[in-house]
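Report on one structure; see the data block that follows.
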Amino acid sequence: LTAAAKSAGLSHVALKIAEASQAIPMNLHGIDLMPQIVQSLQIAGIAVWGWHHIRGADPDAEARTALERVQSLGVEGYIINAESDFEQPGREPAARQFMLALSGKIGVPVGLCSYHFPNFHPEFPWSAFLEGCQFHFPKVFWEQAHNAGEQLRESKRQCEALPNARPYIPVGATYQTTGWVPQPSDLSDFLTTARDLGLPAV
């Protein structure tokens with residue numbers, strides 16, 4: 001993993017470190033290799049951020065897991081991955097409780113990773129999450145299309161109009177689904193547009 005990241009010229013890598021209130025280890029024969037992976041990347045000069053898919057059913061337990069994983073692994077940043085669970089009625093208090101439990105304790109920059117078009121998700125508690133974040137990492141996934149740059153520009157416009165808007169660092173699409181795969185020209189469009197917009201990273 002470290003060799004591949006170095007070969008690609010990456011400055012940072014984001015690894016999944018938790019799901020809800022459960023830590024996500026990188027197991028080999030029952031041994032958690034995540035600490036060694038993080039250390040190997042850091043020794044190579046590649047920053048490591050941990051991302052965590054939270055669901056909101058038990059925000060205090062999810063926050064405890066986040067704090068434990070960030071501190072034990074020594075990652076340089078923490079990314080909250082929150083999606084449809086938080087569009088359910090009454091989930092804004094869970095978002096606020098989760099962020100409150102992290103406040104002043106996590107010790108690293110925090111970012112939100114969620115939908116790239118906030119206007120399509122008005123029930124999502126954007127303000128509650130972003131208030132406690134330093135960065136916004138929207139998933140600019142142009143699935144079933146090939147207009148990465150166009151979607152990136154519109155996503156940035158919508159995200160910057162949110163209450164508590166934060167510096168915008170988009171996540172691009174490099175996966176494939178049935179009948180669709182991003183083309184090299186899509187990725188070039190995405191990266192070129194990011195540079196044109198003056199974004200600090202992708």
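The values are calculated or read from the model by the stated rules, or taken from the named source; none is laboratory data. This structure is a prediction, so every number in the text was calculated from the model and none was measured. Note that each Cβ is placed from the backbone with ideal geometry, even for glycine, and that neighbours are counted across all protein chains shown. SASA here: full protein model, heavy atoms, side chains in, ligands and nucleic acids out. Shrake-Rupley method; radii C 1.70, N 1.55, O 1.52, S 1.80 Å.
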Handout entry: region 9-31 - residue that is modelled with pLDDT under 95 and among the hydrophobic types (A, V, I, L, M, F, W, C) and, of those, surrounded by the most Cβ atoms within 10 Å (Cβ to Cβ)
Key = ILE24
Practice task
Please identify the pairs in which a residue from region 167-179 that is surrounded by 10 or more Cβ atoms within 10 Å (Cβ to Cβ) has its Cβ atom under 9 Å from the Cβ atom of a residue that is among the polar types (S, T, N, Q) and in a loop (DSSP other than H, G, I, E, B), counting only partners at least 6 apart or on another chain.
Solution key: PRO167/GLN134; THR177/GLN144
Fill in the blank from the handout: Of the candidates LYS6, LYS16, the one satisfying the condition of being basic (Lys, Arg) and within 23 Å of GLU83 (Cα to Cα) is LYS16
Exercise for the section: Any chance you could count how many residues in region 88-147 are of a type in the set (Gly, Ala, Ser) and without any contact (Cβ under 8 Å) to a residue 12 or more places away in the chain? Expected result: 3
Fill in the blank from the handout: Within region 71-106, of all residues that are out of contact with any Phe, Trp or Tyr (no Cβ under 9 Å at 6 or more places or on another chain) and small (Gly, Ala, Ser), the one least open to solvent (accessible area, probe 1.4 Å) is ALA101
Handout entry: Where a residue in region 34-50 is without any contact (Cβ under 8 Å) to a residue 40 or more places away in the chain and its partner, wherever it lies, is basic (Lys, Arg) and crowded, with 16+ Cβ neighbours inside 10 Å, with Cβ under 8 Å and at least six apart
Key = GLY50/ARG69
Practice task
Might you let me know whether region 193-200 holds any residue that is in a loop (DSSP other than H, G, I, E, B), open to solvent by less than 70 Å² (accessible area, probe 1.4 Å), touching a strand residue (DSSP E or B) at 6+ places or on another chain (Cβ under 9 Å) and not polar (S, T, N, Q)?
Solution key: yes
Completion exercise
Exception for ALA57 within (1) more than 18 Å from the chain's Cα centre (by Cα); (2) aliphatic (A, V, I, L, M); (3) not in a loop (DSSP other than H, G, I, E, B) falls at (3)
Problem - ALA5 being at pLDDT below 95, open to solvent by less than 60 Å² (accessible area, probe 1.4 Å), of a type in the set (Gly, Ala, Ser) and farther than 23 Å from HIS116 by Cβ - result: no
Exercise for the section: Using the structure shown, decide if PRO184 is within 26 Å of ARG55 (Cβ to Cβ), more than 16 Å from the chain's Cα centre (by Cα) and open to solvent by 50 Å² or more (accessible area, probe 1.4 Å). Expected result: no
Practice task
Select from region 137-148 the residues that are closer than 15 Å to ALA201 by Cα, of a type outside the set (Phe, Trp, Tyr) and open to solvent by less than 30 Å² (accessible area, probe 1.4 Å) and list them in ascending order.
Solution key: PRO138, VAL140
Exercise for the section: Just one of (1) in contact (Cβ under 8 Å) with a residue 60 or more places away in the chain; (2) under 26 Å from ARG91 (Cβ atoms) trips up CYS159, so point out which. Expected result: (1)
Practice task
Tally the residues that are open to solvent by 40 Å² or more (accessible area, probe 1.4 Å) and assigned to a strand (DSSP E or B), restricting the search to region 32-48.
Solution key: 1
